[in-house]
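Report on the structure given below.
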Amino acid sequence: MQIKNLEEYNIAYEESVKDPERFWASVAEHFEWQKKWDKVLEWNFTSPDIKWFINGKLNITENCIDRHLATKARDVAFYFEENEIGKPVREITYQKLHDEVCRLANVLKSFGVKKGDRVCIYLPMIPEAVYALLACARIGAVHSVVFGGFSAQSIKDRINDSSCKVVLTSDGAYRGNKQIPMKATVDEALVDCPSVTNVLVYKRINGKVNMLNGRDHDWETEVKKQETVCTAEIMDSEDPLFILYTSGSTGKPKGVVHTCGGYMVYTCYSFLNVFQYEPGQIYWCTADVGWITGHSYITYGPLLAGATSVIFEGVPNYPDAGRFWNVVDKIKVNVFYTAPTAIRALEAAGLDFVKPHSLSSLKVLGSVGEPINEEAWQWYHKNIGKEKCPIVDTWWQTETGGILISPLANITKTKPGFATLPLPGVQPVLVDDKGKIIEGNGVEGNLCIKFPWPSIIRTTYGDHERCRQTYFATYSNLYFTGDGCKRDEDGYYRITGRVDDVINVSGHRIGTAEVESAINECEEVVESAVVGYPHDIKGQGIYAYCIVPKSSRSHDEIRKEILNTVNKIIGPIAKPDKIQIVNGLPKTRSGKIMRRILRKVAEGDVSNLGDTSTLLDPAVVEEIVKGKI
Ligand code: WTA
């Protein structure tokens, strides 16, 4: 399954395009199936209808855990580094992982959770979060993880969209020197969630929580009652494994659905090849399990490969900006995978936080979630990788399930800012705005993929039409990523960023429509328009233009109210960085907001605002430029 050199990559790539079914069947052979598939692939991008490993039967947790027990029961699956410094690292062996997952799966069963039922997970980055995902998968329940930075309202919307039966949460979370309540937030959400029958609460911070009799249960107490054996549910390749909500350019976040067979095959294959993980190495991905990276490259991919990983509860700047490097030395991490936003923040903190650490265990560095600017790439390469570790700049999305374009460590020649080449099985194309495929090199266009790979999105939960509209209708017979991309003279891909109304803030995807609709909940705001602008650390910041008629309150007060409202409706991650109060927005005569102009102003590029003659009232532009923050 693991490619070893450039020649093997070239051969694998060619084979994967010539005969994808044969190629993926040979990869899938490496897993344990309770029944082999009848046919490898059926697909069309029109409906869309995509099925991999048809009629194959499996349970992904048997492949993540049980399969390794004969040889690896005592090997460490996870090292757990707590938020607080100075604590010994906790070790979770594959045997312990098995036992904890089975017990938790049995608790879920005792709550009446059955195959196909949805379970919401709202937990900090602690081993229990990983147990939670796997416990669901063990019994065929569909997990829906909600990132800890989302508000009660966001949790409620997600729970109700997929009628979750159970919520797994904790009293609270440690985050640097803060304690964040979680159960209280869940309580607020659950006032309006009729489908939820049981809540399991892990005590992490020993906080005071309200426990509702009959509904809420203490994690430890329940788990202790259960046995460490739980037969794995037999799943069809195309049974759903999980739902993960993600923001798009319109409306509310959608529930991206991934299924069992293809996701298993692709996450393992991509993990082994991109990072060139070798048995015995220690791998650390700093993502949160609330995002796709935490699903595919903390939980499933590494475990399927039998790897040893790190789970880190803390944040990069606590107690200081040397924390990551402290942990790298402490646990002797070999493969380190993080986001450009963290790299930029640590770069800004200065080299004094890097110097005391040897970092000599590092062999491979990774980047994910947003374009990495050349300066950050060079800093990472020089100061962290000491110019001897390749950087794998991995491009992918919640919808792709796994990494699609990336160097293979020590195999693909890297180039700063470039995700380089597609993995075997991935067929990217660039298209112009009319959908015409742009051939050749030294070109730029909208990034699409023209052939399915095993972990491609299958549907959006409860609304297949939305899936079709969003990803498969823009350009016929192509999966549209929403990203712009360049292909240089060497055929290398460089992602330039979103071409739709999605902003990427610190690697988190945020829909401008969502933020606008939250802002509009403020009584004093009549209308708003939100755009992204370049931000030194976050990659992009959120710039909000808000129309507020004459008011007795000061602009500062109104701004505060806007921030509180966004915090309450979406969560702290969507709070605008800049709020400009305006009297009007630039609109065309048909009432469409001209975001192009707003983006330019937010970027500070007001010299060339383009043609404003089609505007209903060109004077508003002048006012906006004058009032720019
Ligand atoms: C962006 C995260 C440039 C891109 C795994 C994509 C990237 C969106 C990269 C998906 C990269 C992710 N270089 N841009 N290496 N990786 N992106 O769903 O715009 O949270 O569409 O998945 O992040 O974000 P998501």
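The values are calculated or read from the model by the stated rules, or taken from the named source; none is laboratory data. What you are looking at is a predicted structure, and each value in this text was computed from that prediction instead of being measured. All Cβ positions, even for glycine, are placed from backbone atoms using ideal geometry, and neighbour counts span all protein chains on display.
Note on region 520-546: residues that are over 13 Å from Arg498 (Cβ atoms), β-branched (Val, Ile, Thr) and either in contact with a helix residue (DSSP H, G or I) (Cβ under 7 Å, 6 or more places away or on another chain) or modelled with pLDDT under 95 (or both) amount to 4.
Residue check: Ser358 meets all listed conditions (1) crowded, with 24+ Cβ neighbours inside 10 Å; (2) more than 19 Å from Ser506 (Cβ to Cβ) but one, namely (1). Do we have any residue at all in region 425-436 that's small (Gly, Ala, Ser) and either within 13 Å of the ligand (Cβ to nearest atom) or free of Cβ contacts under 8 Å to residues at least 40 places away in the same chain (or both)? So far as region 425-436 goes, no, none of its residues is small (Gly, Ala, Ser) and either within 13 Å of the ligand (Cβ to nearest atom) or free of Cβ contacts under 8 Å to residues at least 40 places away in the same chain (or both). For region 437-468, residues that are buried (at least 21 other Cβ atoms within 10 Å of the Cβ) and not small (Gly, Ala, Ser) total 14. The strands (runs of 3 or more DSSP E) found wholly in region 130-205 and carrying at least 2 residues that are farther than 24 Å from Glu81 by Cβ and of a type outside the set (Asp, Glu) occupy 142-145, 166-170, 198-202. Report yes if some residue within region 293-308 is of a type outside the set (Ser, Thr, Tyr), more than 16 Å from the ligand (Cβ to nearest atom), in a helix (DSSP H, G or I) and in contact with a strand residue (DSSP E or B) (Cβ under 8 Å, 6 or more places away or on another chain); otherwise report no. The answer is yes, given that some residue of region 293-308 is of a type outside the set (Ser, Thr, Tyr), more than 16 Å from the ligand (Cβ to nearest atom), in a helix (DSSP H, G or I) and in contact with a strand residue (DSSP E or B) (Cβ under 8 Å, 6 or more places away or on another chain).
Within region 542-597, the residues that satisfy the criterion of being of a type in the set (Ser, Thr, Tyr) and more than 30 Å from Gly148 (Cβ to Cβ) are Ser551, Ser552, Ser554, Thr588, Ser590.
Annotation: of all residues in region 476-489 being within 12 Å of the ligand (Cβ to nearest atom) and charged (D, E, K, R), the one that is surrounded by the fewest Cβ atoms within 10 Å (Cβ to Cβ) is Lys486. Of all positions in region 457-465, at least one carries a residue that is farther than 26 Å from Ile542 by Cα, touching a Gly at 6+ places or on another chain (Cβ under 8 Å) and within 12 Å of the ligand (Cβ to nearest atom).
Residue check: Val223 meets all listed conditions (1) over 30 Å from Pro316 (Cα atoms); (2) touching a Ser or Thr at 6+ places or on another chain (Cβ under 6 Å); (3) aliphatic (A, V, I, L, M) but one, namely (2). Among the candidates Asp239, Asp288, Asp329, Asp320, which residue alone is at pLDDT 95 or above, within 16 Å of the ligand (Cβ to nearest atom) and among the acidic types (Asp, Glu)? The match here is Asp288. If you go through region 490-529 and keep only what is more than 16 Å from the ligand (Cβ to nearest atom) and closer than 22 Å to Asn446 by Cβ, you end up with Asp490, Gly491, Ala513. Return yes or no: is Lys415 away from the ligand (no atom under 14 Å from the Cβ) and either surrounded by fewer than 19 Cβ atoms within 10 Å (Cβ to Cβ) or hydroxyl-bearing (Ser, Thr, Tyr) (or both)? No; evaluated as a whole, the condition is false for this residue. Here is a check on your reading of the model: is Ile456 touching a Phe, Trp or Tyr at 6+ places or on another chain (Cβ under 7 Å) and either at pLDDT below 95 or aliphatic (A, V, I, L, M) (or both)? When the stated conditions are applied, Ile456 passes them. Kindly indicate whether any position in region 504-518 is of a type in the set (S, T, N, Q) and more than 20 Å from Thr398 (Cβ to Cβ). Within region 504-518, one or more residues are of a type in the set (S, T, N, Q) and more than 20 Å from Thr398 (Cβ to Cβ).
State yes or no: is Ile3 touching a Pro at 6+ places or on another chain (Cβ under 9 Å), assigned to a loop (DSSP other than H, G, I, E, B) and touching a residue at least 40 places away in the same chain (Cβ under 8 Å)? Judged against the criteria, Ile3 is a match. Checking the conditions here, which among Ile495, Ile503 is surrounded by 24 or more Cβ atoms within 10 Å (Cβ to Cβ), aliphatic (A, V, I, L, M), in contact with a strand residue (DSSP E or B) (Cβ under 9 Å, 6 or more places away or on another chain) and assigned to a strand (DSSP E or B)? So the residue among Ile495, Ile503 that is surrounded by 24 or more Cβ atoms within 10 Å (Cβ to Cβ), aliphatic (A, V, I, L, M), in contact with a strand residue (DSSP E or B) (Cβ under 9 Å, 6 or more places away or on another chain) and assigned to a strand (DSSP E or B) is Ile503.
Of all residues in region 59-97, how many are over 25 Å from the mean Cα position of the chain (by Cα) and within 18 Å of Ile234 (Cα to Cα)? Of the residues in region 59-97, 2 are over 25 Å from the mean Cα position of the chain (by Cα) and within 18 Å of Ile234 (Cα to Cα). For region 415-428, the set of residues classified as touching a Leu at 6+ places or on another chain (Cβ under 7 Å) and in a strand (DSSP E or B) consists of Pro422, Pro428, listed by residue number. Looking across region 443-482, the residues that are touching a Ser or Thr at 6+ places or on another chain (Cβ under 6 Å) and outside any strand (DSSP E or B) come down to Arg458, Tyr461, Arg466, Cys467. Take Asn44 and decide whether it is under 30 Å from Phe472 (Cβ atoms) and free of Cβ contacts under 8 Å to residues at least 12 places away in the same chain. When the stated conditions are applied, Asn44 passes them. If I filter region 361-373 for residues that are within 16 Å of the ligand (Cβ to nearest atom), assigned to a helix (DSSP H, G or I) and closer than 30 Å to Pro534 by Cα, do I get at least one hit? Looking for residues that are within 16 Å of the ligand (Cβ to nearest atom), assigned to a helix (DSSP H, G or I) and closer than 30 Å to Pro534 by Cα, one finds none in region 361-373, hence no.
Would you check which residues across region 235-281 are in a loop (DSSP other than H, G, I, E, B) and in contact with a Cys (Cβ under 8 Å, 6 or more places away or on another chain) and list them? Of everything in region 235-281, those that are in a loop (DSSP other than H, G, I, E, B) and in contact with a Cys (Cβ under 8 Å, 6 or more places away or on another chain) turn out to be Ser237, Glu238, Asp239. The residue that is surrounded by the most Cβ atoms within 10 Å (Cβ to Cβ), counting only those in region 393-409 that are more than 9 Å from the ligand (Cβ to nearest atom) and under 12 Å from Leu365 (Cβ atoms), is Pro407. Would you mind stating whether Asp483 is more than 21 Å from the chain's Cα centre (by Cα) and among the acidic types (Asp, Glu)? In short, no. Could you give every pair whose Cβ atoms fall below 8 Å, whose first residue belongs to region 62-79 and is among the β-branched types (Val, Ile, Thr), and whose second residue is surrounded by fewer than 22 Cβ atoms within 10 Å (Cβ to Cβ), counting only separations of at least 6 or pairs across chains? Hits for this filter: Val76/Glu91; Val76/Ile92; Val76/Thr93. For region 379-392, the tally of residues that are part of a helix (DSSP H, G or I) and within 16 Å of the ligand (Cβ to nearest atom) stands at 2.
Residues that are touching a residue at least 12 places away in the same chain (Cβ under 8 Å), outside any helix (DSSP H, G or I) and of a type outside the set (Ser, Thr, Tyr) are absent from region 7-27 altogether.
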